[in-house]
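In what follows, a structure is listed as structure tokens, so that the remarks can point back to it.
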Amino acid sequence: MATQTKDFYRVLGVAENASADEIKKAYRKLAKQNHPDANPNDAAAAERFKEISEAYSVLSDDAKRKQYDQMRRMGAFGGMGGYGGGAGPRPGGGAQSINLDDLDLGGGGLGDIFGSFFDFGKRRGAPGARPGGPERGENIEYAVEIPFATAVRGGKVTVTVPVTEDCPSCHGSGAAPGATVNTCPECKGLGSVTFGQGSFGVSRPCPMCGGKGKVPTEPCPTCAGNGQVRRNRAVQVTVPAGVDNGGKLRLAGQGERGASGGPPGDLMLTFRVEPDRFFTRDGLDLNCTIHVNLAQAVLGSKVKVRTVDGPSVVLRIPPGTQPGRRFRIKGMGVEKAGRRGDQFVKVQVDVPEELEGDARKEFEEFAEAAGMRH
């Protein structure tokens with residue numbers, strides 16, 4: 001029996017040795033094209049957006065990417081034969097059946113890794129859960145872009161997350177109105193089947209019944225018998241003040257719904273902070289650059305400087321200010337964990353390329369009086 005696989009490099013359209021910047025660039029392009037807000041009522045785009053987010057959540061994390069690459073080298077995308085090549089058959093012949101959830105790599109079951117790479121068609125619950133019994137819903141990992149000011153000061157953003165819900169027509173049974181539900185002939189009601197090549201067999205949810213152990217005589221027309229549908233859920237998220245690029249937030253119970261009355265999973269958000277045209281961030285401090293003309297730098301001046309809070313502050317530029325000089329506005333930086341940084345303002349002096357007429361004459365007189373002409 002063939003397996004359906006997901007190659008995350010292919011999903012993002014990047015090479016195996018792609019850099020982190022190349023992966024990020026590919027993700028942003030595809031996410032923008034397939035975002036649910038840009039494709040309302042498009043189930044295919046919503047599914048594509050979820051795949052893109054899943055791929056990026058793995059390939060953008062060094063530890064996850066390393067583990068993923070190890071699985072690819074073990075043959076996870078080229079059939080199971082290569083994986084079991086070195087181990088002999090079980091005594092007495094026949095394939096050795098492996099329950100993916102029973103294998104451990106230290107810190108996570110092998111089943112968890114395979115489960116994210118192979119499209120098993122149905123969520124797995126806790127180890128030992130029986131088909132049809134209560135199962136905890138899957139966590140959803142989602143990357144969300146937030147404005148620079150929101151990351152610094154905190155605020156609320158609305159995130160549109162594609163989720164799987166029980167079909168409203170059949171209430172999750174997969175059966176059309178009036179149809180009966182019978183024991184699945186493929187798995188004989190077990191909800192799982194064993195497949196494999198060579199010396200190993202792998203247990204997976206039954207593809208015919210999706211792990212339920214039962215199939216309807218007539219599928220529900222709304223969900224095509226799957227018992228579930230995809231829809232977009234709007235979630236309002238409170239962004240904590242001071243969150244940085246790559247910061248994470250867990251929203252309990254906002255993930256996929258649990259099966260058969262099981263608890264829902266969590267929504268795992270990774271923040272991507274949009275760059276600002278004026279500010280850059282250095283820990284808790286903010287940096288910016290303002291431009292003054294030559295007269296302001298020489299004679300001194302007062303200029304308004306924008307702050308991340310919104311209102312501008314008046315900064316005094318003393319006479320004789322040199323290009324590149326930095327001024328500090330105390331307490332106008334990032335606030336986090338009871339600490340607050342400062343805002344540093346760099347002065348850029350704009351020198352005119354050419355002076356004409358009275359302006360040139362006056363500057364020559366000034367230079368001569370100052371002893372700058374020879």
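The values are calculated or read from the model by the stated rules, or taken from the named source; none is laboratory data. Only a predicted model underlies this, so the values are computations on that prediction, with no experimental measurement involved. Because the Cβ atoms are built from the backbone with ideal geometry, glycine has one as well, and the counts that use them run over all protein chains shown.
Of the residues Gly196, Gly225, Gly210, Gly189, which is at pLDDT below 85, assigned to a loop (DSSP other than H, G, I, E, B), in contact with a strand residue (DSSP E or B) (Cβ under 7 Å, 6 or more places away or on another chain) and on the phi > 0 side of the Ramachandran plot? Lay out the reasoning, then the answer.
On the way: Gly196 fails: assigned to a loop (DSSP other than H, G, I, E, B); Gly210 fails: in contact with a strand residue (DSSP E or B) (Cβ under 7 Å, 6 or more places away or on another chain); Gly189 fails: at pLDDT below 85.
When all the criteria are applied, what remains is Gly225.
Please go through segment 244-255 and give me each residue that is surrounded by fewer than 20 Cβ atoms within 10 Å (Cβ to Cβ) and either part of a loop (DSSP other than H, G, I, E, B) or in contact with a Ser or Thr (Cβ under 6 Å, 6 or more places away or on another chain) (or both), ordered by number. Outline the logic, then answer.
Step one: of segment 244-255, the residues surrounded by fewer than 20 Cβ atoms within 10 Å (Cβ to Cβ) are 244-253.
Asp244, Asn245, Gly246, Gly247, Lys248, Ala252, Gly253, listed by residue number.
Does Arg10 qualify as being surrounded by fewer than 16 Cβ atoms within 10 Å (Cβ to Cβ), more than 22 Å from Gly255 (Cα to Cα) and within 12 Å of the chain's Cα centre (by Cα)?
Working: surrounded by fewer than 16 Cβ atoms within 10 Å (Cβ to Cβ): yes; more than 22 Å from Gly255 (Cα to Cα): yes; within 12 Å of the chain's Cα centre (by Cα): no.
Considered against the rule, which asks whether it is surrounded by fewer than 16 Cβ atoms within 10 Å (Cβ to Cβ), more than 22 Å from Gly255 (Cα to Cα) and within 12 Å of the chain's Cα centre (by Cα), Arg10 comes out as no.
Would you confirm whether or not segment 251-259 contains a residue that is more than 30 Å from Ala175 (Cα to Cα) and in contact with a helix residue (DSSP H, G or I) (Cβ under 9 Å, 6 or more places away or on another chain)?
Start the filter on segment 251-259 by keeping residues that are more than 30 Å from Ala175 (Cα to Cα), which leaves 251-252.
After this cut, where a residue has to be in contact with a helix residue (DSSP H, G or I) (Cβ under 9 Å, 6 or more places away or on another chain) as well, the list is none.
So far as segment 251-259 goes, no, none of its residues is more than 30 Å from Ala175 (Cα to Cα) and in contact with a helix residue (DSSP H, G or I) (Cβ under 9 Å, 6 or more places away or on another chain).
Give me the pairs, please: first residue somewhere in segment 264-287 and surrounded by 18 or more Cβ atoms within 10 Å (Cβ to Cβ), second residue anywhere and part of a strand (DSSP E or B) and among the hydroxyl-bearing types (Ser, Thr, Tyr), beta-carbon distance under 7 Å, and either six or more positions apart or on two chains.
Cβ pairs passing all conditions: Leu267/Tyr142; Leu269/Tyr142.
All but one of (1) at pLDDT below 85; (2) surrounded by 13 or more Cβ atoms within 10 Å (Cβ to Cβ); (3) touching a helix residue (DSSP H, G or I) at 6+ places or on another chain (Cβ under 8 Å); (4) of a type in the set (A, V, I, L, M) hold for Leu59, so report the exception by its number.
Failed condition: (1).
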